[in-house]
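Following: one structure in structure tokens, then a few remarks.
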Amino acid sequence: MSFITIGTQSELANFCERLRSAEYIAFDTEFVSEHSYRTQLCLVQVAIPGLTAVIDPLSIDDMRPFWDAVVAPGHQTIVHAGREEIVFSLAATGRPPHNLIDVQLAAGLMGVEFPAGYGTLASRLLGKRINKAETRTDWRRRPLTAQQVAYALSDVEHLAALRDLILGKLESLGRLDWLHTETASWLAEIEASRGKERWRRVSGSSGLSRRRLAIVREIWRWREEEAERRDCPARRVLRDDLIVELAKRELADPNKIRAVRGLERGDLKYALPKLTACIERALHLPESDCPEIVRTETNPQQTMVTQLLSSALGSICRQAQVAPSLVGTANDVRDLVSFHLGDLGESAEPPLLTQGWRAGVVGEVLKDLLLGRTTLHIVDPRAEQPLAFEPRKTS
């Protein structure tokens, strides 16, 4: 594949002028996230009509012109599994790529499993084989080999063809509106998650009391600030299991904190006063300011019904040519069951009953199953679609 290499600020400026008149911008990135606080952008591959390019961000002082071109109106942006690309765009400009089409998301709406890898889509839909030999490359290292560059470029080579095929199929199914709705919802979720505190993801924190969760939250906040200051992964500052252990002990005593196995590291000694302060703040919080405990109570009967309806959801989705994992999770089905049983109190109806096309495709069928208005039976255990749904017969 012929391509141009962009490694200077002036080359980038000239290339971005061409981007502004392109009908589409298909792009992908290579990045490394294991060694720094924020993901490090290492390479950008771009395909526009008649031209393919590799941009080296490590040799360019300011990548803002590229992101400005990506968010500017007048083109369609094509990506595959583009969450990280969207995050880069939001960080640079505060806006997502313009008129975005994510072929992974779009393919799920025509019945391909979700999430499907780029190689899977290229093979299944276009009959193209993608070489994935460089998946473990350290993209920070220079110079890149010809094989590494070829691998990176292959990730944009077929994006436009995939877009054309998938959008054609969605148009024939009458699902372009579904794609627009899902893309908008996905973008909103990514934007909302950027500044969201994720202390509840600390491994081992589930089941803790409100007071101990408050300690986890305070230490997590300090760890994030420290990781950003040092530009390193947060867990390299302090492991999750040590945060939980400190929370369980509920002791704001530097000597006792130092005695916890794992905190004897030399680089953590300086942090003892700050850890102590975090714990003290949490211990002195009013109970009302401590985090709420989020638990989902279930019983064997509810679990059994949820499992049955999850299988029904998968069957409905396959018949409707839409990826089940894109429609709803087991938690979504559980929420539907809980709502039906009145276990959610006066909470709003669950997403499977309210979210546009989801409600039409699966929500109403699952609701009718719960109410006994529809029956589920096995037609042929060996058939591709062994389950059938029929209105309940009344005598």
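The values are calculated or read from the model by the stated rules, or taken from the named source; none is laboratory data. Since the structure is predicted, the reported quantities are computational estimates derived from the model, not experimental observations. Cβ placement follows ideal geometry from the backbone for every residue including glycine, while neighbour counts extend to all protein chains displayed.
Residues in segment 72-91 that are touching a helix residue (DSSP H, G or I) at 6+ places or on another chain (Cβ under 7 Å) and either farther than 12 Å from T29 by Cβ or not hydrophobic (A, V, I, L, M, F, W, C) (or both): T77, I78, H80, R83, S89, L90. Being crowded, with 18+ Cβ neighbours inside 10 Å, out of contact with any Phe, Trp or Tyr (no Cβ under 6 Å at 6 or more places or on another chain), under 28 Å from R124 (Cβ atoms) and of a type in the set (G, A, S) is the filter here, so list the residues in segment 62-110 that pass it. G82, A106, A107, listed by residue number.
On the stretch given as segment 70-109, residues that are under 15 Å from the mean Cα position of the chain (by Cα) and over 20 Å from E182 (Cβ atoms) total 1.
Looking across segment 167-203 at every residue that is aliphatic (A, V, I, L, M) and in contact with a helix residue (DSSP H, G or I) (Cβ under 9 Å, 6 or more places away or on another chain), the one that is farthest from G108 (Cα to Cα) is identified as V202. Annotation: T5 fulfils all but one of (1) part of a strand (DSSP E or B); (2) modelled with pLDDT under 95; the unmet one is (2). Residues that are touching a Leu at 6+ places or on another chain (Cβ under 7 Å), crowded, with 19+ Cβ neighbours inside 10 Å and among the aliphatic types (A, V, I, L, M) number at least 1 in the following helices (runs of 4 or more DSSP H) confined to segment 242-337: 254-258, 272-283, 300-320, 324-327. Checking each residue of segment 265-280 against the condition of being of a type in the set (D, E), under 28 Å from V32 (Cα atoms) and more than 29 Å from the chain's Cα centre (by Cα) gives at least one match. Please pick out the residue among S21, S59 that is under 28 Å from R194 (Cα atoms), of a type in the set (G, A, S) and either surrounded by fewer than 16 Cβ atoms within 10 Å (Cβ to Cβ) or assigned by TED's automatic domain parsing to the domain that holds R223 (or both). Being under 28 Å from R194 (Cα atoms), of a type in the set (G, A, S) and either surrounded by fewer than 16 Cβ atoms within 10 Å (Cβ to Cβ) or assigned by TED's automatic domain parsing to the domain that holds R223 (or both) holds for just one of S21, S59, which is S59. Go over the candidates A152, A192, A161 one by one and state the one that is small (G, A, S) and touching an Asp or Glu at 6+ places or on another chain (Cβ under 7 Å). Being small (G, A, S) and touching an Asp or Glu at 6+ places or on another chain (Cβ under 7 Å) holds for just one of A152, A192, A161, which is A152. The residue list A26, A22 contains one member that is assigned to a loop (DSSP other than H, G, I, E, B) and in contact (Cβ under 8 Å) with a residue 12 or more places away in the chain, which is A22.
Residue-wise test of (1) within 26 Å of P96 (Cα to Cα); (2) surrounded by 13 or more Cβ atoms within 10 Å (Cβ to Cβ); (3) touching a residue at least 60 places away in the same chain (Cβ under 8 Å); (4) within 22 Å of the chain's Cα centre (by Cα).
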{"residue": "A146", "(1), (2), (3), (4)": "no, no, no, no"}
{"residue": "D155", "(1), (2), (3), (4)": "yes, yes, yes, yes"}
{"residue": "L159", "(1), (2), (3), (4)": "yes, yes, yes, yes"}
{"residue": "L162", "(1), (2), (3), (4)": "yes, yes, yes, yes"}
{"residue": "T183", "(1), (2), (3), (4)": "yes, yes, yes, yes"}
{"residue": "V202", "(1), (2), (3), (4)": "no, yes, no, yes"}
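Here the condition is being more than 30 Å from F88 (Cα to Cα) and hydroxyl-bearing (S, T, Y); of S209, S203, it holds for S209 alone.
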